[in-house]
């Protein structure tokens, strides 16, 4: 019995759940909050699976953190340029 199961496991790989790709229209000029709201709305009406919505919102959260880093880097650069200008 174990030999048959071992052979089947080698011949037929375990089935993995695959989520279907979905085309979702997010506001291009909208804020990240507006985009997250669009994702939640799509999940609420059944266009997205809850897992897909969670992944997209997590990705938007990561994008928000990256935007914050870019903004802080720009602010630091501006402050450094101003402080070097006063020293001259």
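No lab work stands behind these numbers, since they all come straight from the coordinates. Source: prediction; values computed, not measured. Don't worry about glycine lacking a Cβ; one is built from the backbone with ideal geometry, like all the others, and counts go over all protein chains shown.
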Where does helix 32-44 land angle-wise versus the long Cα axis of the chain, in degrees 0 to 90, nearest 10? 20 degrees
With just the Cα atoms defining each centre, how far is the range 40-88 from the range 19-36? Give it in Å. 15 Å
Please give the helix 50-87 orientation as an angle from the longest Cα principal axis of the chain, in degrees from 0 to 90, rounded to the nearest 10. 20 degrees
Helical contribution to [θ] at 222 nm, DSSP H n ≥ 4, -39,500 (n - 2.57), averaged over the chain, rounded to 500: -24000 deg cm²/dmol
Which residues among the range 23-44 fall inside the zone where the amide N is under 15 Å from a point 7 Å beyond the Cα of residue 60, along Cα→Cβ? 24-44
Among (i) 1.97; (ii) 1.39; (iii) 1.45, the value of Cα Rg over 2.2 N^0.38 Å computed for this structure carries the label (i)
